[in-house]
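The values are calculated or read from the model by the stated rules, or taken from the named source; none is laboratory data. The structure displayed is predicted, hence computed values, not measured ones. Please note: Cβ atoms are built from the backbone with ideal geometry, for glycine as well, and neighbour counts cover all protein chains shown.
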Amino acid sequence: MYPYIFMIFVVLFYAGNILVGKAMNDLPPLTIAFFRLLIAFIIMIPFGIREAWTYRSTFLTYKKPFLLMTLTGITLFNTFIYGALSFTTATKVSVLESSIPVATVILSVILLKDKLYFVHWIGILLSFFGSLWVIMNGQVFHLTSIDWNVGDGIMIGAVIAWAIYSIMVKKYMHLFPHYGVLLMMTGISVIILLPVVLLEWFVAGLPFLTIAKIMGLVYLGVFPSFIALLFYNRAVDLLSPSRASVFLNFLPIVTMTGAFLWLDEEITIMHLIGTLAVIIGVLLTTQVKVQKNKIDRQIENG
């Protein structure tokens, strides 16, 4: 049960990531990504430095999958999101991000031979189209009429990056210490982004950071970058990439709720219909497996 609680908090923290990111959209995207990771790295030092040193041989032995997890899940994913928001709308970013479970399922079946029953596919598709219904306010058949631009391509890169990250987490994350691996991945990502963000500052000028923006960056560095990722890694390890990532379909719904509460945005009947579809889809994808395991255990115990 508690892996699902982890994923609920992951969705809440990632929704906060979008809401806070919107409030700081005048900052360049690489600047936001760099500072959130720098803050997260500093916070993680007392938690993960000893583990990172103790498991240093493990990091070297599995350096290729470790670096792939670092690049896809830490360095690129949110950098792609902030970059996409510079060119396209938040609505289209949310539409594409809601396709992450579908991309993860496809990779899980191909690479991990992950077994999914027909009802799981129904649940994944239902939650996916429920998210589209919410985002497009019921006009899902008008999706193909939207004008696509470079930001949409960048967001597709984010979807692929997170799907690959989820697969690698399932296969390799259990080899690494929980805090130590986050510290190492975040530190390497800061090093990777540093020359790029310096170039961004050279071209666009140094950013002006107010108290509000600093507080926003602190939130991004603590909750989406550290706590949410720790929860997500643990949930994927206990469940599977496809079943854990399907909870990400809640993200646009939670984000819209936050916008309603704090930004006075309207929630329509179309939003409620889509919300119901997502909840049913998540239950089909997760609880069917739980019930099947209970039945199997009862049969084994006579």
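Picking from residues in the range 30-70 that are touching a residue at least 60 places away in the same chain (Cβ under 8 Å) and charged (D, E, K, R), the one that is nearest to MET173 (Cα to Cα) is GLU51.
Residues that are modelled with pLDDT under 75, under 20 Å from VAL278 (Cα atoms) and either in a helix (DSSP H, G or I) or among the aromatic types (Phe, Trp, Tyr) (or both) are absent from the range 107-126 altogether. Residue selection: VAL11 satisfies the criterion of being part of a helix (DSSP H, G or I), in contact (Cβ under 8 Å) with a residue 60 or more places away in the chain and touching a helix residue (DSSP H, G or I) at 6+ places or on another chain (Cβ under 8 Å). Report yes if TYR165 is under 12 Å from THR72 (Cβ atoms) and touching a residue at least 12 places away in the same chain (Cβ under 8 Å), otherwise no. Spelling it out, TYR165 is indeed under 12 Å from THR72 (Cβ atoms) and touching a residue at least 12 places away in the same chain (Cβ under 8 Å). Here GLY258 does not qualify as within 18 Å of TRP121 (Cα to Cα) and at pLDDT 75 or above.
Counting only helices (runs of 4 or more DSSP H) that sit completely within the range 23-77, those holding 1 or more residues that are over 19 Å from the mean Cα position of the chain (by Cα), β-branched (Val, Ile, Thr) and closer than 16 Å to ILE214 by Cβ correspond to 29-54.
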